[in-house]
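Q: One structure, pasted below without further comment.
Rule-based calculations on the coordinates, nothing more; no lab input. In this text the structure is predicted, and so the values were computed from the model without any measurement. Positions of Cβ are backbone-derived with ideal geometry, glycine not excepted, and every protein chain shown enters the neighbour counts.
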Amino acid sequence: MNNFKQKVTYYYDEEFGTFNYSTTHPMKPLRVAITDDLVGHYGLKQYMNCIDQTFVQTYIKRVDEDVLTQFHSYEYIDLIKVITPDNKCQYEDQLYRFNFMEDCPVLDRLFDFCLCQTSGSVGAACVIADQKSNIAINWSGGLHHAKQSEASGFCYVNDCVLGILELLKTYQRVLYVDIDIHHGDGVEEAFYLTDRVMTCSFHKFKEYFPGTGHIDDIGHDKGKYYAVNFPLNEGLNDDSIQFIFKPVIDKIMENFRPDVVMLQGGTDSLSGDRLGCFNLSIKGHGTCIEYLKKFNVPIIMVGGGGYTLRNVPRCWTYETSLALNVPIQDNIPDESDYKIYFGPEYKLHLPISNMEEQNSKDYLEKNIVQILDNLKQINP
Ligand code: TV7
Ligand code: CA
Ligand code: ZN
């Protein structure tokens, strides 16, 4: 446990790939299993400190349930512990109350699923705080919509919030950046009143789930100016994300000066996503990671959305290589167990679509000006 060879810690537990929402549900935990397989076949694991759930349990020395109730209510976690697809009829009122509807069905082994996802983010926070690594990765996490006592948008427990709470035991200021196409509402809400966590989400706004994340939502009380929202239209491309990401992050780094960063890297912002409507390439998505790395602040990278099964593993494998500074070839390794998912191209990088960019430079510039103006209020 003491000989951490490398500075990148990578969490994956084999159990994660065995969970299933339903055949019709767009969220597929299998995408993380395919990612892990690809990361392995690209030979990236040899450069990382690879950890799983058993490691985290030993490392953090905490009871399973106590990990989740740092943020979630006991009533809510108690239900997650007992509910199964077979007995859910007996809990009709609670299912409704805690929002276990079509988006968040009662999964088989739901409690284990929540624990598996959260162990990665809390374990990442611990290895960072103990200075064993300066980057820690959990592609099984990033479920940013879960609330204290409510499931929402495919998310049951909020591993982002739980990881950040762990970081707050060591660090004074934490920055949360969210490039999933959806608004990071659960994380924003959890830290809306504090100046110790800044949340910054880029997302499709207007007629889109979850409907929050207006540019004027900037936090409240002590937390005023510590929530940043960049609302966007369809078709966001690589040029546009770089155009907005750099100035906003620069100003945050300059004025907020975070001790540590969590990046939610949902891949539903990629071109061709089944639920998303942005037009980023994998390289464009990855520029956000490359940019954050420049500041030499420890980073936790978590997953999130991503509903086109062939895109997600490509993107997260590429971003694992960026974290490591180890370039990888464009040809998908022949030995990959899931090679069928990567045909007919068998390349890591795919072309983007020809959809129209509906974010004009003027619109983006106007938003940047307003956001930078709010960030001026923070004393550097
Ligand atoms: C982080 N969009 C999560 C993103 C969560 C998005 C939604 C679906 C959806 C659910 C299904 C399904 C779907 C094809 C797509 C208002 C509703 C409309 C349920 C049918 N197919 C993340 C959540 C979003 C479930 N929810 O940020 C079972 O799309 O828009 C909504 C809410 C009510 C419920 N109905 C959808 O990426 C991980 N859901 C098929 C089967
Ligand atoms: Ca987002
Ligand atoms: Zn999403």
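Q: Using +1 at the C-beta of Lys and Arg and -1 at the C-beta of Asp and Glu, which of Pro105, His144, Met262 has the Cα lying farthest in the positive direction of the dipole of the chain?
A: So the residue we want is Met262.
Q: OK, next. If you take every residue apart from Asn237 with its C-beta less than 13 Å away from the C-beta of Asn237, what net charge results, scoring Lys and Arg +1 and Asp and Glu -1?
A: Numbers: positive: Lys283, Lys361; negative: Glu234, Asp238, Asp239, Glu356, Glu357.
Here the charged neighbours net out to -3.
Q: Write down the Å³ per residue value for the convex hull defined by the alpha carbon atoms of segment 32-139.
A: 125 Å³
Q: Only Cα pairs within less than 10 Å get springs; with that Gaussian network setup on the chain, which residue of Gly153, Gly266, Gly142 has the largest fluctuation?
A: Gly153
Q: Along segment 186-203, what does the Karplus equation 6.51 cos²θ - 1.76 cosθ + 1.60 (θ = phi - 60°) give for ³J(HN,Hα), rounded to whole Hz, x for Gly and Pro?
A: Using θ = phi - 60°, the values come out as x, 6, 4, 4, 4, 10, 5, 9, 10, 9, 8, 10, 9, 10, 9, 10, 9, 7 Hz.
Q: Further question: Provide the net charge surrounding Ala129, with neighbours chosen by a C-beta distance below 11 Å and charges set as Lys +1, Arg +1, Asp -1, Glu -1.
A: Result for the local shell: -1.
Q: Give the longest segment of the chain that steers clear of trypsin sites (Lys or Arg not before Pro) in DSSP loops with at most 15 neighbouring Cβ atoms within 10 Å, not counting the sites themselves.
A: No qualifying site falls inside 295-375, the longest such stretch.
Q: How much length would be gained if the chain were fully extended between Asn325 and Lys246, taking 0.36 nm per residue of separation minus their Cα-Cα distance, in nm to one decimal? Working shown, then result.
A: Details: separation 79, 0.36 × 79 = 28.44 nm, distance 2.03 nm.
Length gained between Asn325 and Lys246: 26.4 nm.
Q: Let me ask something additional. Using only the alpha carbons of segment 8-375, what is the convex hull's orientation-averaged projected area in square nanometres? If you can, show how the numbers build up before the last one.
A: On the way: hull surface 68.5 nm².
Mean orientational projected area (segment 8-375, Cα hull): 17.1 nm².
Q: If you find the alpha carbon centre of segment 87-143 and of segment 315-367, how far apart are they in angstrom?
A: 26 Å
Q: For Asn255 and Asp373 in one chain, what is 0.36 nm times their gap in residues minus the Cα-Cα distance, to one decimal in nm?
A: Numbers: separation 118, 0.36 × 118 = 42.48 nm, distance 1.16 nm.
Gain in length upon complete extension: 41.3 nm.
Q: Straight distance only, please: which lysines reach the Cα of Lys147 with their own Cα at less than 20 Å, same-chain residues fewer than 8 apart left out?
A: Partners found: Lys81.
Q: Let me ask something additional. Please work out how much length the chain gains when fully extended from Thr84 to Thr170, using 0.36 nm per residue of separation minus the C-alpha to C-alpha distance, in nm with one decimal.
A: Gain on extension, Thr84 to Thr170, equals 27.3 nm.
Q: Continuing with this model, one more query. Please report, ordered by residue number, every helix of the chain (full DSSP H runs) that is 15 Å or longer along its axis going by C-alpha atoms and whose mean Kyte-Doolittle hydropathy reaches -1.0. Don't skip to the answer; put the middle values down first.
A: Numbers: long enough: 30-41 (16 Å, 0.54); 110-129 (28 Å, 1.44); 238-255 (26 Å, -0.08); 282-293 (17 Å, -0.17); 312-324 (18 Å, 0.16); 361-375 (21 Å, -0.37).
Span-like helices, by this rule, are 30-41, 110-129, 238-255, 282-293, 312-324, 361-375.
Q: I would also like to ask the following. As a check on your grasp of the helix formula, calculate [θ] at 222 nm for the chain: sum -39500 (n - 2.57) over DSSP H runs of n ≥ 4, divide by the residue count, round to the nearest 500. The partial results should precede the final answer.
A: Values: 12 runs with 133 residues, N = 380.
About -10500 deg cm²/dmol.
Q: Determine, from the Cβ-Cβ distance of Ser22 and Val63 and an R0 of 51 Å, the FRET efficiency 1/(1 + (r/R0)^6), rounded to the nearest 0.05.
A: 0.95
Q: Distance between the C-alpha centers of segment 189-227 and segment 247-278? Whole Å please.
A: The two parts, judged by their Cα centres, are 13 Å apart.
Q: Which whole-number percentage describes the relative contact order of segment 8-375, with Cα contacts under 8 Å and a sequence gap of 6 or more?
A: Relative contact order, segment 8-375: 18 percent.
Q: If we count every other residue with Cβ under 15 angstrom of Lys61's Cβ, Lys/Arg +1 and Asp/Glu -1, where does the sum land?
A: Here the count lands on -3.
Q: Could you tell me which of the pairs Lys204/Lys246; Lys293/Lys376; Lys246/Lys283; Lys251/Lys361; Lys251/Lys293; Lys246/Lys366 are separated by over 21 angstrom between their Cα atoms in the structure shown?
A: Too far apart for the 21 Å limit: Lys293/Lys376.
Q: Quick check on the chain: of the DSSP beta bridges with both residues there, what percent are antiparallel, nearest 5%? All intermediate terms of the calculation are to be shown ahead of the outcome.
A: Numbers: 3 of 34 bridges.
Once the DSSP bridges in the chain are tallied, antiparallel ones form about 10 percent.
Q: For the chain, with only Lys/Arg (+1) and Asp/Glu (-1) charged at the beta-carbon, what is the dipole magnitude about the Cα centre, in debye rounded to 20?
A: My answer is approximately 1100 debye.
Q: If the elastic network links every pair of Cα atoms under 10 Å, which of Asp216, Asp52, Asp362 fluctuates the most in the Gaussian network model of the chain?
A: Asp362
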